[in-house]
Number of protein chains: 2
Amino acid sequence: MKMSKFAAYVKFKAHPGKGEALAEILLEAAEQCRTVEDCELYIVNISEEDPDTIWVTELWSDQAAHDASLQGEEAAAMIRRAMPLIAGAEPVRLKPLGGKGA
Amino acid sequence: MKMSKFAAYVKFKAHPGKGEALAEILLEAAEQCRTVEDCELYIVNISEEDPDTIWVTELWSDQAAHDASLQGEEAAAMIRRAMPLIAGAEPVRLKPLGGKGA
């Protein structure tokens, strides 16, 4: 049960009615990760119970790669667009142990 | 933003001290999914904050495939072994929208 991979599970709460707009920005972020080898997963989910609750599931080869993804002009611009839509963000701190796709 | 995939995110709370044993059984379940084409992800994670909290991230091609995975003798045997370790399970009902790995 040893892995050095880094998981980021974040539950975003958008301001009322802004869930879909937030999801669109996060899907753009996911697209940018497609060419990043260290990004193994970047999945955007919407809650079945609340359309303003968006979950992002990220898996990175290590934490440094994840942290690096938040640097740079493009990331900063995306964060600036997303911030006004976000009422709260609740990270789930997890260590991936293994399994299919991990 | 259309996908018919089925996500199952479940937060298991094990009885005190039983988190690792539960994770081992879930990792066995993940191994069984390796040959199942309709199972795209089956990742077992442990909470960084509580070793008795185990998160499973599943992504299936559709809900029927997920439901079918819980049928059969092998699944039943695994569930019987896991049940005594589990204090609670909290599913997060999500609809995957897309992204890398989805």
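The values are calculated or read from the model by the stated rules, or taken from the named source; none is laboratory data. These numbers were taken from a predicted model, which means no experiment stands behind them. Cβ atoms come from the backbone with ideal geometry, glycine included; neighbour counts cover every protein chain shown. The area values use the complete protein model at the heavy-atom level, side chains included, leaving out ligands, DNA and RNA. Shrake-Rupley method; radii C 1.70, N 1.55, O 1.52, S 1.80 Å.
Below is a table of values for the structure above.
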| quantity | calculated |
| --- | --- |
| Calculated diffusion of chain B, Stokes-Einstein form, Kirkwood radius summed over Cα pairs, 37 °C and 0.692 mPa s, µm²/s | 232 µm²/s |
| Inter-copy label distances at B:Glu37 (7 Å, Cα→Cβ; nm, one decimal) | 3.0 |
| Within straight-line cross-link reach of B:Lys13, lysines at Cα separation under 18 Å, skipping those fewer than 8 residues along the same chain | A:Lys95 |
| B:Lys18 long-range amide H proximity, modeled H, under 5 Å | none |
| Amide H partners (placed H, <5 Å) of B:Glu48, local residues excluded | A:Arg93, A:Leu94, A:Lys95 |
| Label 7 Å beyond Cα on the Cβ vector: A:His15 copy-to-copy distances, nm | 4.9 |
| Out-of-range pairs (alpha-carbon distance over 31 Å; input A:Lys18/B:Lys18; A:Lys100/B:Lys18; A:Lys11/B:Lys18) | A:Lys18/B:Lys18 |
| Over 20 Å [Cα-Cα, the protein assembly as shown], rounded percent | 57 percent |
| Helix A:19-33 axis, angle to chain A major axis (alpha carbon atoms, nearest 10°) | 30 degrees |
| Listed residues A:His66, B:His15 arranged by accessible area, highest first, probe 1.4 Å | B:His15, A:His66 |
| Exposed GluC sites (Glu not before Pro) absent - longest run of chain B, DSSP non-H/G/I/E/B, at most 16 other C-beta within 10 Å | B:50-102 |
